[in-house]
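Student: Before we start, here is the structure in question, set down as structure tokens.
No lab work stands behind these numbers, since they all come straight from the coordinates. Treat the numbers as computed from the prediction; the structure is a model and nothing was measured. Neighbour counts run over all protein chains shown; Cβ positions are idealised from the backbone, glycine included.
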Amino acid sequence: MLDAVLYVGGLVLLFAGCLLAMCSLVIGLPGTFAIVAVALLYAWATGFVAVQWSTIGWLLLLAVVGEGIELVSSSAAAAGTRPSRRVTIGALAGALIGGIVGTPILFGIGSLLGALAGAFAGAALAVRSEGGSLEDSVTTGFAALKGRFLGFVAKAAIAAVMVVVVAVAAL
């Protein structure tokens, strides 16, 4: 009887931790790595019986891919519109600064909105500094914003896949 209670309690804590990690994606935290940490903690607590090292390895790979996609998405989209190193760096730096500045505003969603606005502003300012027109800068800025948003969506989808992998391994 006690074994069943501990098993169910462990699963509840595992899935609560995974859900919390997925929610942390919205505020700009690396929730994919939090999912790996929660799964590793559960695996350690259960003696690596259900969730094994191979599962942790696959989760870690998915986390790195998800974070990488989110990192380069805005700069790649902006560079697709106007390929230059300055625009790429502007979109990356703008997203980073915007995410930091936006964090205290609208706690939670402010970080995502700040990163989106920062990617737009960074790419647009980079185009203007290269002598591009206002229309070019706005077009490139929107491309960076769209890329950043699609990167977030891709990372969230990868995080959902990670939770499914954990669920299949644990159950």
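Student: Quick one: helix 134-170 against the long Cα principal axis of the chain, what's the angle to the nearest 10°, folded into 0 to 90?
Tutor: 10 degrees
Student: Using only the Cα atoms of the chain, each taken as one equal point scatterer with no solvent, compute I(q) by the Debye sum, divide by I(0), and report log10 of the ratio at q = 0.09, 0.12 Å⁻¹.
Tutor: Results for the chain at q = 0.09, 0.12 Å⁻¹ read -0.38, -0.59.
Student: Using alpha carbons only, how many degrees (0 to 90, rounded to 10) separate the axis of helix 31-45 from the longest principal axis of the chain?
Tutor: Computed tilt is about 10 degrees.
Student: Now for a different question. Sorting Thr140, Thr103 on the 10 Å Cβ count, fewest up front, what's the list?
Tutor: Starting with the residue having the fewest Cβ neighbours, the order is Thr103, Thr140.
Student: Exposure proxy check: Ser84, Ser75 ranked by fewest other beta carbons within 10 Å?
Tutor: So the residues, fewest neighbours to most, are Ser84, Ser75.
Student: With 10 angstrom as the radius, rank Cys23, Cys18 by how many other C-beta atoms surround their C-beta, starting from the fewest.
Tutor: Cys23, Cys18
Student: Hey, can you rank 112-120, 9-17 by average C-beta count inside 10 Å, highest first?
Tutor: 112-120, 9-17
Student: Now for a different question. Report the FRET efficiency, 1/(1 + (r/R0)^6), for Ala45 and Arg85, where r is their Cβ-Cβ distance and R0 is 45 Å, rounded to 0.05.
Tutor: Using R0 = 45 Å, I get an efficiency of 0.45.
Student: Would you mind computing, in nm to one decimal, how far apart the modelled labels at Val5 and Val153 are, each placed 7 Å from Cα along Cα→Cβ?
Tutor: 4.7 nm
Student: Against the longest alpha carbon principal axis of the chain, how many degrees, from 0 to 90 and to the nearest 10, is the axis of helix 53-81 turned?
Tutor: 10 degrees
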